[in-house]
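Reviewing the structure listed below.
Coordinate-derived values only; no laboratory data. Keep in mind the model is a prediction, meaning the values are calculated, not measured. Glycine gets a Cβ as well: all are built from the backbone with ideal geometry, and neighbour counts include every protein chain shown.
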Amino acid sequence: MNVLDVVNVKKAFGSRQAVDGVSLSISEGEIFGLLGPNGAGKTTTLSLISGLLRPHTGTITIGGWNVVTQATKAKALLGVVPQEPALYSQLSAEANLRFWGTMNGLQTADLTNAVKHALTVVGLTDRAQERVAKYSGGMKRRLNIAAGIIHNPKLLIMDEPTVGVDPQSRNHILQTVKNLREQGTAIIYTSHYVEEVEDLCDRVTVMDQGKVISAGTVSQLLNKAGQYQELVITVNGTKATSLMQLTALPGIKEIFTINNVYKILTSNAEQVLPLTYETILAEGMQVSAIHIHKPSLESLFLKLTGRTLRDQ
Amino acid sequence: MRKCFAIVSVGLRQMLADPMYLVFTLGLPLMMTWAMSFLPKEAGIYEMASLGVLVMFVALNLITSAGSILEERQNGTWQRILTSATSYWAIMAGYFIRLFLVAATQAAILLLSGKFLFGAPWNHGYLELVVVLAIYIFAMTGLGLFLAGLLKTQGQVQAVAMAIVMIGTMLGDVFFPIENPSGVIKIIAAISPQSWAAHALRDILTLGVSLSSLVVPLLWMTGLGMLLIIAGVLRIKIEA
Ligand SMILES: Nc1ncnc2c1ncn2[C@@H]1O[C@H](COP(=O)(O)OP(=O)(O)OP(=O)(O)O)[C@@H](O)[C@H]1O
Ligand SMILES: [Mg+2]
């Protein structure tokens, strides 16, 4: 049975359709990536799953329990790691974890053991007695994760857990996520770091403007990207006329212009580079940077929407 | 029940960690109560003044403490509580008890120190006192929850707290009797819970008024408190 089923869910804020007919399902021990640019509707989708928002239409079930009509049963299976750490800053890490454990039904020895275990998992045992206010940003994010997993949930929601985290904490977090999968926890992981999602996730859904625009395993999606490489050329100012000339060059599949950057999808970047470069120079433009990216979910997103996942 | 208690305790610890909170809820009113003890001890005047302080600071405390709910909504702990396996009613009960307890403790400390440290001349009517205060705190807790549902930021809460406390207390005929009150003053005094509470408390302590003659205002305050709590709880739920 699926741990999570989301069926055709819609949610609007005023006239803005933040989530527009999203369906997805996740099974045990699976890391499920939710990828999309700012404002795509990732956090809103997660808020609907965790029962903070009510869908206008559609149904969501966790372990078979409806999150609206059987909320307490559904929430007992759910752990949430919000985008911003949600903790009591004046309390110690341990006091925070005891609180979140209690709120999820743990007590007495079970609670004490769960707190110890969660602290070990995120590597904060040594600092457990310190007030959270004194923690670094990365440590708060780790404690934020501990608070989400304290009751050993079947489904764990993680909203961009590695944003603004130092590399050491980041690796620790990614390793924690992998370990949780080993224990059979189903995880929804949102991010706009493409590499992270490619590395971590078993299946990925790409969202844009509230809609699912692509879904599948990482390798399926990379196939959809058509094994395209991305040739990124930064110039001092793009021109419409040169765009036509460039598009006509052999080996170039598609070109997107974003600010003063040409993003060229091609099956072989090195082959098309010399001609492309010449054409650009002949148009009187100056080139300030050239990058070649291997096929990625980023190029798939570019191909599908003509836009980039991350803000430039 | 354990979850209710956890919400109460975690909130209290978070609030008490802020020294300014203690200054405003206990330091300042204690100083004022002490200063009032130099007023002439003639019947009514001292009671009015020191009970006025009590009533005013309890109101202030409750409204600003309710702002702590807004703070929790801003830093996400409120949402996280909502996503835990705890029923909405247990959560709201926790917040209600938290506010009520904070104000009741404050009132008890102020009254006891008034009597034993600053030599207030009270020696009867204790039961009546407790009942009136409990119902007053209940009504103001309702107001706090209602404002938490209605307002968006801590700044708004502070502005409203100032307005309600200043207008309700200063113009509500709480500190000093207003001779021949004009129309507006009469209306404010009639609807301000602070005014009700302060007058009821004074009458109990000076005239020895019994509860049975206070039934009408007490029912008013209870009704008002219930209405505000229901409105606040529903409003907060919709917000969520
Ligand atoms: N409470 C709200 N009221 C009004 N509009 C909202 C609300 N929450 C989200 N939105 C809007 O809904 C859309 C989706 O927002 P959402 O936060 O789900 O995006 P996101 O994919 O999580 O973005 P990010 O990567 O920046 O976190 C945005 O246009 C946002 O402005
Ligand atoms: Mg988001």
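When every Cα-Cα distance of region A:147-233 is counted in 10 angstrom steps from zero, the calculated P(r) takes the values 14, 43, 33, 9, 1 percent.
Cα extents for region A:216-302 along the principal axes, largest to smallest and rounded to whole angstrom: 43, 24, 19. No solvent, one uniform scatterer per C-alpha: report log10 I(q)/I(0) for region A:52-147 via the Debye equation at q = 0.17, 0.24 1/Å, two decimals. Here log10 of I(q) over I(0) equals -0.78, -1.18.
Could you work out the mean projected area of the convex hull around the alpha carbons of chain A, in square nanometres to one decimal? Each step should come with its number before you reach the end.
Values: hull surface 72.5 nm².
Its Cα hull, projected and averaged over all orientations, spans 18.1 nm².
For region B:114-147, the residues whose amide N sits under 20 Å from a probe point set 7 Å from the Cα of residue B:162 along the beta carbon direction are B:144, B:147.
Quote the charge dipole size of chain A about the Cα centre in Debye, to the nearest 20; the model charges only the Cβ of Lys and Arg (+1) and of Asp and Glu (-1).
820 debye
Once the chain from residue A:232 to residue A:28 is taken as fully extended at 0.36 nm per residue, the excess over their C-alpha distance is 69.5 nm.
When the Cα positions of B:164, B:210, B:104 are compared along the charge dipole of chain B, B:104 comes out farthest toward the positive end, with charges on each C-beta of Lys, Arg, Asp and Glu. Per residue of A:79-85, other chain Cβ atoms within 10 Å of the residue Cβ number 3 on average. Sorted on the mean count of surrounding Cβ atoms within 10 Å across their residues, most packed first, peptides A:149-157, A:136-144 read A:149-157, A:136-144. Can you find, among A:258, A:237, A:49, the residue sitting farthest towards the positive end of the charge dipole of the protein assembly as shown, where Lys and Arg contribute +1 and Asp and Glu -1 at Cβ? The residue sitting most towards the positive pole is A:49. Listed values for region B:59-69 are Karplus-derived 3J(HN,Hα) couplings in whole Hz (6.51 cos²θ - 1.76 cosθ + 1.60, θ = phi - 60°), namely 4, 4, 4, 5, 5, 5, 5, 5, x, 5, 5, and x replaces Gly and Pro. Each Cα pair of region B:1-154 feeds into the Kirkwood radius, which the Stokes-Einstein equation turns, at 4 °C and 1.567 mPa s, into a diffusion coefficient of 78 µm²/s. Averaged over the residues of peptide A:48-61, the number of Cβ atoms from other protein chains lying within 10 Å of each residue's Cβ is 1. For region B:81-240, the Cα-based Rg and Dmax, in that order, read 17.3, 57 Å. Note on the protein assembly as shown: the C-alpha convex hull projects to 32.5 nm² when averaged across all orientations.
In terms of packing, defined here as the mean over residues of other Cβ atoms within 10 angstrom, the peptides B:21-34, B:90-103 line up highest first as B:90-103, B:21-34. This model, with +1 at the C-beta of Lys and Arg and -1 at the C-beta of Asp and Glu, gives region B:2-239 a dipole about its Cα centre of some 740 debye.
Evaluate E = 1/(1 + (r/R0)^6) for residue B:97 and residue A:294, where r is the Cβ-Cβ distance and R0 equals 60 Å; express this FRET efficiency to the nearest 0.05.
Details: r = 58 Å, r/R0 = 0.97.
Efficiency for this residue pair is about 0.55.
Since only B:29, A:64, B:153 are under comparison, the one whose Cα sits farthest along the positive direction of the charge dipole of the protein assembly as shown, derived from C-beta charges on Lys, Arg, Asp and Glu, is A:64. Largest GNM mean-square fluctuation across B:142, B:76, B:183, computed for chain B with C-alpha springs under 10 Å, falls on B:183. A Förster radius of 41 Å combined with the Cβ-Cβ distance from residue A:202 to residue A:243 puts the calculated FRET efficiency at roughly 0.60.
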